[in-house]
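One structure is given here, and the rest of the page talks about it.
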Amino acid sequence: MIESLKGILNKKDPTQVIIDVGGVRLGVHITLSTYEKLGDLNAEVELLTYLNVREDIMELYGFFDNSERLLFKLLTSVNGIGPKSALNILSGTNPNSFKKNIINGDISSLTSIPGIGAKTAKRIVIELKDKFIDGGESVELGFQLDSDEEGVIEDVIKVLLSLGYNRNSIDKAISEIATKEVLKEDLEKIIKMTLKKL
């Protein structure tokens, strides 16, 4: 898995960038909000990434912040929404208002976003509403996470959700045990530490 890319910004437009990573130039699909946060050409840039692999192609999608990447992953889990459709949807809204529209079941607001028709809007609400209500907000830890630490926390949350624990309880437990040092431990050890707080 490619979690992030760090290199020189070689080319940029509102839908795609080219990043030079050690002499290898990689094309990365981006959202409009990520484009607006990019620096100047030939400056160093770092993007969180999602690698989409199909039989005939490999595509990289890049995001300036993790909340947008998480929402992208959730959108692509909805039946009928592929990576490019998810990217177009994110380019037409902002994550916070989008989440609120889903939680409120606001179909008319969702259909005002380019790329979302009535059927797709209903499907998004049906498939994602409970995920946001059960604790879709990111856990607050009081310090900045790098991409590796975010990945560890995501893995811990997934395991504990699969065991039947409530997302809000999981977030609270993680916030009690998580430090920069703890997040460098093995995943199994972090899960055991979190379980002691549940």
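The values are calculated or read from the model by the stated rules, or taken from the named source; none is laboratory data. Given the structure is predicted, the values throughout are model-derived calculations rather than measurements. Counting neighbours? That spans all protein chains shown, and the Cβs are built from the backbone with ideal geometry, glycine included.
Restricting to segment 40-56, what's the tally of residues that are closer than 23 Å to residue 71 by Cα and without any contact (Cβ under 8 Å) to a residue 12 or more places away in the chain?
Residues meeting the conditions: 2.
Give the number of residues within segment 51-67 that are within 17 Å of residue 153 (Cβ to Cβ) and either buried (at least 19 other Cβ atoms within 10 Å of the Cβ) or in contact with a Cys (Cβ under 9 Å, 6 or more places away or on another chain) (or both).
1
What's the number of the condition residue 26 fails, among (1) within 18 Å of the chain's Cα centre (by Cα); (2) surrounded by fewer than 19 Cβ atoms within 10 Å (Cβ to Cβ)?
(1)
Could you pull out the residue among 89, 19 that is surrounded by 14 or more Cβ atoms within 10 Å (Cβ to Cβ), touching a residue at least 24 places away in the same chain (Cβ under 8 Å), under 23 Å from residue 150 (Cβ atoms) and assigned by TED's automatic domain parsing to the domain that holds residue 129?
Of 89, 19, the one residue that is surrounded by 14 or more Cβ atoms within 10 Å (Cβ to Cβ), touching a residue at least 24 places away in the same chain (Cβ under 8 Å), under 23 Å from residue 150 (Cβ atoms) and assigned by TED's automatic domain parsing to the domain that holds residue 129 is 89.
Among the candidates 91, 77, 97, which residue alone is under 19 Å from the mean Cα position of the chain (by Cα), closer than 23 Å to residue 152 by Cβ and not aromatic (Phe, Trp, Tyr)?
Values: 91 fails: closer than 23 Å to residue 152 by Cβ; 97 fails: closer than 23 Å to residue 152 by Cβ.
Just a single option satisfies the conditions, and that option is 77.
If I filter segment 22-39 down to residues being touching a residue at least 12 places away in the same chain (Cβ under 8 Å) and charged (D, E, K, R), which single residue comes out as nearest to residue 152 (Cα to Cα)? Quick ask: steps written out before the conclusion?
Let us first name the residues in segment 22-39 that are touching a residue at least 12 places away in the same chain (Cβ under 8 Å), namely 22, 25-35, 37-39.
The next check asks that each one be charged (D, E, K, R); those that pass are 25, 37.
Details: 25: 28, 37: 26 Å.
Here the answer is 37.
Determine, yes or no, whether residue 134 is more than 22 Å from residue 92 (Cβ to Cβ), at pLDDT 75 or above and surrounded by fewer than 17 Cβ atoms within 10 Å (Cβ to Cβ). Full working, then the answer.
Details: more than 22 Å from residue 92 (Cβ to Cβ): yes; at pLDDT 75 or above: no; surrounded by fewer than 17 Cβ atoms within 10 Å (Cβ to Cβ): yes.
No; evaluated as a whole, the condition is false for this residue.
Is at least one residue of segment 100-118 acidic (Asp, Glu) and over 19 Å from the mean Cα position of the chain (by Cα)?
The answer is yes; a qualifying residue exists.
Modelled with pLDDT of 90 or more, under 15 Å from the mean Cα position of the chain (by Cα) and of a type in the set (Gly, Ala, Ser): is that true of residue 43 in this structure? So that I can check it myself, show each step before the final result.
Details: modelled with pLDDT of 90 or more: yes; under 15 Å from the mean Cα position of the chain (by Cα): no; of a type in the set (Gly, Ala, Ser): yes.
No: the conditions fail for residue 43.
Let's see how each residue does on (1) assigned by TED's automatic domain parsing to the domain that holds residue 169; (2) surrounded by 13 or more Cβ atoms within 10 Å (Cβ to Cβ); (3) of a type in the set (A, V, I, L, M):
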position	(1), (2), (3)
93	no, yes, no
96	no, no, no
101	no, yes, no
108	no, no, no
113	no, yes, yes
116	no, yes, yes
120	no, yes, no
124	no, yes, yes
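If we scan segment 166-176, do we find a residue that is closer than 20 Å to residue 131 by Cα and not in a helix (DSSP H, G or I)? Steps first, please.
Kept after step one, since they are closer than 20 Å to residue 131 by Cα, are these residues of segment 166-176: 166-175.
Right, trim to not in a helix (DSSP H, G or I) and you get 166.
Yes - at least one qualifying residue is present in segment 166-176.
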